[in-house]
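Engineer: Encoded as structure tokens, here's the structure I'll be asking about.
Here, each number is a calculation from the coordinates, and none is a lab measurement. Here the structure is a predicted model, which means the values were calculated and not measured. Here the Cβ positions follow ideal geometry from the backbone for every residue, glycine too, while neighbour counts run over all protein chains shown.
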Amino acid sequence: MACHIGGTDIQKKTSTDRFTLIRNASRSAKFASADPSGQDSRHRGPSHAEHRQVHSQSRNDLILTGYMSDEVLAMLYNLCKLFVFPSYNEVFGLPLSESMAWATAVIAGNASSIPEIVEREDALIDPFSEVATTSKITEALENDEFCEQLSRHSIHNAVIFSRDKCVNSRIAALEDVAADRHQSLKTALWPHRRPKLAYISPLPPERSGISDYSTELLPELARHYDIEVINAQPEVSDPWIRAHLPIRSVEYFAKNADNFERVLYHFGNSAFHHYMFDLLNRFPGVVVLHDFFLGDAYEYLEHISPGSWTRELSNSHGYKALWERFAKKDVREVIFKYPCNFSVLEMAVGVIVHSNYSVTLANQWYGDSIARHFVVIPMLRDLAKMVDRDEARRKLGVHIDDFMVCSFGILGPIKQNHRLLEAFLKSEMSKDPGCKLIFIGENDAGEYGREFLKTVSQSGLKERILVTGWVDADAFRNYLAAADIAVQLRTISRGESSKAVLDCMSHALATIVNSNGSLAELPSDAVWKLSDRFKNDELIWALETLWRDPGRRLALGSRAREVIMTENSSSRCADMYEKAIEAFYDGAKSCRASLIDDLARSDNLFTEEGSITALADSITQCRSSRRSAPQILIDISALVQIDIKTGIQRVTRSILRELLLNQPAGYRIEPVYVSPDQNGYRYAREFCLHFLNCPAGGLIDEPIDANLGDIFLGLDLHHEAIVSQANYLESLRNAGVRIFFIVYNILPIQIPDAFPLGTDDIHKRWLSSICRLSDGVMCISQTVADDVAEWLNTNGQKRLRPLKIGWFHIGADIENSVPTQGLPDDASQILARLSARPSFLMVGTVEPRKGYLQAIAAFEQLWNNGVDANLVIVGKEGWKDLPNDLRRTIPEIVNRLRHHPELDCRLFWLEGISDEYLEKIYIVSTCLIAASEGEGFGLPLIEAAQHKLPIIARDIPVFREVAGNHAFYFSGKEPADLADSIRGWLALCRSGKHPRSYGMAWLRWNESAERLLYIILNNRWYTEWKWNDDKKE
């Protein structure tokens, strides 16, 4: 359809005999004439009757619309193939520029201002020659290639006369006049003073996409701010920046930061930004996060400021990321896996990103407390100046009739270039000698790049498939102009926005993408959008469809360019920047950083000893900072001071390791410790580095920053510390921190004679404290949970809320319990002796309750009665730090062992051996004896079952809970009771009827840790204890 917009004024030259000639030349053409003015054309000239006459003769081919609304007029522009504007006198010609904005092919008169708008000689006609006009219209309607060239030219010229460009040009002209001649005019144009803004970003000539981005943003942003650019470059090459903006050094900014009302940082994942991290920490501002992942930048910063990357991995992602950094052979895995950007997000006044996908990533990694401070502003991209397709091809040495499929950007696995190559080779296009596949960018330098070139070489199409390598900007633009289709694929998006895709859209290039990351947000009518995990057949279909359908290519390209013009223009984005920056700074007036800054500037701040600390504590409690997640504060105070290798500390080590390396979703694991002589807890960062075999340094044991929603978990057993910190823990609870403790047993209260004198009182004070302070206690067995509940019924203190009581079983996989290593020199000889006869194994610290005296006496009876068997005791001497008169029966046990006539013959005491050695002892043993009179769990029973070792156990509730029917039980405390049980078990064993430990249920340490947290986080408690006023009174 050919179209004319305008009234029937004489200068419009719209006489109906033109249509007659068009109809004679092209019978399939339709002609529409519209008058958007709203005026009655009968009052504008004598040609109306002529129009009616012709219309009556050709009702189906000639349409006289009369007045049209803007909405309908836009639809007509969109439907029109050719726009004819034969006027000979126009001040501007608004319909002409409107039609060009819709990518419509245009033919217009060569008079007045019209040639200035069209800017194409073969699109101009003599408005006074009907023959010339008809000939040109016929050519455009019947020559598709000519019509497509006119359409592309319209897209190019529409940019020049876009509303934004015209407005900006007028503003620029006024600014130039003001700057050069009339300072008073400048004051009139800017009645309100613009805030002074420090713009911190790499700039040309640095080869960074962000430096190019800044050159487009700065001129528009200068409408809103008095800008000074800050960077660490030796020079800035951009002419506009040099001419219009002060260029300051980083040192200058640091000394004069107070003079700036706004600060804008542009962060990317490269070395160009290394100096910004320290500046942001000292002088917070709004951050433009061009790349969500910043691992490469931090890895570079590590070489300049050692420890920087260590601190950021810890701050952003916890100890697992830190451990992986030093444990992984390829550090690139860690860089690629973790965003490593929390400090930047935490310190920022606000964060600007270019896609909603970046907001999604922030939610995934850190939660809403961070993501809600994000504002999305589209990636800035002004419409490109269109380059003539034929001229671009001539410069590139490409035949004018070739069909070019292009992919722009560095090649690599995440760009899925191999998928495009595979699709092209399997498509019908591979059979057409005129179809070319060109990758504009540097090839991958590794195995991927080598395999890619090998596939090209073996395809037989080496002459038609090209990898250009790096090209300069002019060549890059020529490829954009010369291409017929662009294909830009991604996988594993890390939050970046594709400049290459926007370049393709800006050049009105039909572009195929897959819905990965930010690409999924592009309008579906502006690009051909594949599914994220597309199949090759989908890509082949897209390629072949666009190859065969020039109309669809044109429609996609035109719409893409329109999207860039309306959504990504520099002026629109700059306006969005100003709105976001001002909103961020308005909101920042009440944040913690602003409060601290205001206090630092105050002349009336009390500075006497203790006041600053008290003020800091108050700020911490009253105004929480942004955090990646609530903390689970793991108290390991005893372990930090000294690992005395007790069973409790073995549990502490094992669960701690699991929690550090398997941080629960939505929480951050932070081990902490306290000394009895200090008030408050500190983060145990130096200890954790050593614990995970990471190099020391880089992390500091700072005082904890606990807030509402955090959890405190007393994992270790440290009586004195908890009692001394009761008031501090109560303050945490009052601040909204939930508090829980692990209870391993209450044996010092139940059997006080089995512990040092006074231990029962210490344990009572500790148990009373934790039951008063806690929201809940977690016991390591159901037996202990029942014991605690029973003790509370008699000794519990009044509390308003019920005390939650839960239980879980500890793990038993030695290999994941941070096992100790090493074998003594005589290990092989000892193991051989144990293998020579039946060996009965006892495992546990030498203490009164473990039943060692009974066992030694029982075996003496057995040996005297001719039973040839070994008794093997694995455990170090207990309570060595106490004088003998406080150690109960330990001196007697030790004396019997050290001076026994069967020592190292049939009696073996292996003191303080490694877990590695213990594993070997289990293998050569015949049966485990668990003779303890009281335990919280009974880990040796599980370890025996893992080695399919039969068990003889004292009949106490916790052993029944752990072993069930998988053990042989005995009762009584006399040596004969145990000796008889051993003889009975031997008889059953000879007949094969003894209980077997096979199939005993047990947990791994990761399962134990998961169970512990599951109960706490999901409120799945075993029971609860409530204060009963009537009963207590």
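Engineer: Assuming 0.36 nm per residue, please report the length gained on full extension of the stretch residue 595 to residue 973 beyond their Cα-Cα distance.
Structural biologist: Additional length available on full extension: 129.3 nm.
Engineer: What fraction of the DSSP beta bridges in the chain is antiparallel, stated in percent and rounded to the nearest 5?
Structural biologist: Percentage antiparallel, nearest 5: 5.
Engineer: Let me ask something additional. Given the pairs 436/535; 535/579; 798/850; 81/462; 876/948, which are separated by over 32 angstrom at their Cα positions?
Structural biologist: Where the Cα-Cα span goes over 32 Å, the pairs concerned are 535/579; 798/850; 81/462.
Engineer: If you place +1 on the Cβ of every Lys and Arg and -1 on the Cβ of every Asp and Glu, how big does the dipole about the Cα centre of the chain come out, in debye to the nearest 20?
Structural biologist: That gives the chain a dipole magnitude of about 1580 debye.
Engineer: To continue, here is another question. Once every DSSP H run of n ≥ 4 in the chain is given -39500 (n - 2.57) and the sum is divided by its residues, what mean residue ellipticity at 222 nm do you get, rounded to the nearest 500 deg cm²/dmol?
Structural biologist: -13500 deg cm²/dmol
Engineer: For the chain, with the dipole built from +1 on Lys and Arg beta-carbon atoms and -1 on Asp and Glu ones, taken about the Cα centre, which of 889, 103, 835 lies farthest toward the positive end?
Structural biologist: It is 835.
Engineer: Here's something else I'd like to know. Once the piece of chain linking residue 237 and residue 447 is laid out straight, how much longer is it, given 0.36 nm per residue of separation minus the C-alpha distance between them?
Structural biologist: Extra length from residue 237 to residue 447 when fully extended: 71.9 nm.
Engineer: Taking a virtual spin label 7 Å from the Cα of residue 799 along the C-beta vector, which residues in region 738-756 bring their backbone nitrogen under 17 Å of it?
Structural biologist: 738-746
Engineer: Also: Under 14 Å Cα-Cα from residue 395, which aspartates and glutamates qualify once same-chain neighbours fewer than 8 residues away are excluded?
Structural biologist: 472, 474
Engineer: While we're looking at this one, here's another question. Would you mind checking which residues have amide H under 5 Å from residue 125's amide H? H placed 1.01 Å from N; only 5 or more apart, or other chain.
Structural biologist: Distant-sequence amide H within range of residue 125: 108, 109, 110.
Engineer: Something else about it: Residue 1022's amide H: which non-local residues (gap 5+, or another chain) put their own amide H closer than 5 Å, with H modeled 1.01 Å from N in plane and none for Pro or chain starts?
Structural biologist: 805, 806, 807
Engineer: Calculate how steeply helix 447-458 sits against the longest principal axis of the alpha-carbon atoms of the chain, using the helix alpha-carbon long axis, and give the answer as 0 to 90 degrees to the nearest 10.
Structural biologist: Helix 447-458 sits roughly 50 degrees off the main axis of the chain.
Engineer: Suppose the chain between residue 1014 and residue 422 were pulled fully straight at 0.36 nm per residue; how much longer would it get relative to their current alpha carbon spacing?
Structural biologist: That pair, residue 1014 and residue 422, stretches by 208.4 nm at full extension.
Engineer: Roughly how many nanometres apart are two label points built 7 Å out from the Cα toward the Cβ at residue 466 and residue 135?
Structural biologist: 3.8
Engineer: Something else now. Mind pulling the angle between the C-alpha long axis of helix 144-160 and the longest principal axis of the chain? Nearest 10 degrees, somewhere in 0 to 90.
Structural biologist: On a 0 to 90 degree scale, this one is about 70.
Engineer: Using the Cα centre of region 389-568 as the reference point, and only Cβ charges (+1 on K/R, -1 on D/E), how large is the resulting charge dipole? Debye, rounded to the nearest 20.
Structural biologist: That gives region 389-568 a dipole magnitude of about 160 debye.
Engineer: Rounded to the nearest 0.05, what FRET efficiency do residue 372 and residue 708 have when you use their Cβ-Cβ distance and R0 = 22 Å?
Structural biologist: Calculated transfer efficiency: 0.85.
Engineer: Can you give the FRET efficiency to the nearest 0.05 for residue 145 and residue 828, using r as the Cβ-Cβ distance and R₀ = 60 Å?
Structural biologist: The formula returns an efficiency of 0.10 here.
Engineer: Using Cα-Cα distances under 8 Å and only pairs 6 or more residues apart, what relative contact order does region 352-489 have, in percent?
Structural biologist: Computed value for region 352-489: 30 percent relative contact order.
Engineer: If you take every residue apart from residue 510 with its C-beta less than 10 Å away from the C-beta of residue 510, what net charge results, scoring Lys and Arg +1 and Asp and Glu -1?
Structural biologist: Summing Lys/Arg as +1 and Asp/Glu as -1 gives +1.
Engineer: Find which of 976, 506, 672 sits farthest along the positive direction of the dipole of the chain, computed with +1 on the beta-carbon of Lys and Arg, -1 on that of Asp and Glu, about the Cα centre.
Structural biologist: 976
Engineer: Placing unit charges on C-beta atoms (Lys and Arg positive, Asp and Glu negative, everything else neutral), compute the dipole magnitude of region 629-811 about its Cα centre in debye, rounded to 20.
Structural biologist: 360
Engineer: If you don't mind, there's one more thing I want to ask. List the trypsin sites (Lys or Arg not before Pro) in region 914-999 that DSSP assigns to loop (not H, G, I, E or B) and whose Cβ has at most 14 other Cβ atoms within 10 Å. Which are they?
Structural biologist: When the trypsin sites (Lys or Arg not before Pro) of region 914-999 are filtered for loop state and at most 14 Cβ neighbours within 10 Å, 948, 973, 993 remain.
Engineer: Let me have the relative contact order for the chain, percent, based on Cα pairs under 8 Å that are six or more residues apart.
Structural biologist: After rounding, I find 7 percent.
Engineer: For the chain, find the longest principal axis of its Cα atoms and tell me its angle to the long axis of helix 536-548, 0 to 90°, nearest 10.
Structural biologist: Taking Cα atoms only, the helix is inclined about 10 degrees.
Engineer: Suppose R0 equals 51 Å; then what is the FRET efficiency for residue 898 and residue 525 from their Cβ-Cβ distance, rounded to the nearest 0.05?
Structural biologist: With R0 = 51 Å, the Cβ-Cβ based efficiency is 0.05.
Engineer: Could I ask something else about it? Can you give the net charge of the other residues whose Cβ lies under 14 Å from the Cβ of residue 533, counting K and R as +1 and D and E as -1?
Structural biologist: It works out to a net charge of +1.
Engineer: Between residue 414 and residue 821, with labels modelled 7 Å along Cα→Cβ, what's the label distance in nm to one decimal, could you check?
Structural biologist: 3.5
Engineer: Still on this structure, please answer the following. What residue among 796, 695, 79 has its Cα farthest toward the positive end of the dipole of the chain, where the charges are +1 on Lys, Arg and -1 on Asp, Glu, each on the Cβ?
Structural biologist: 79
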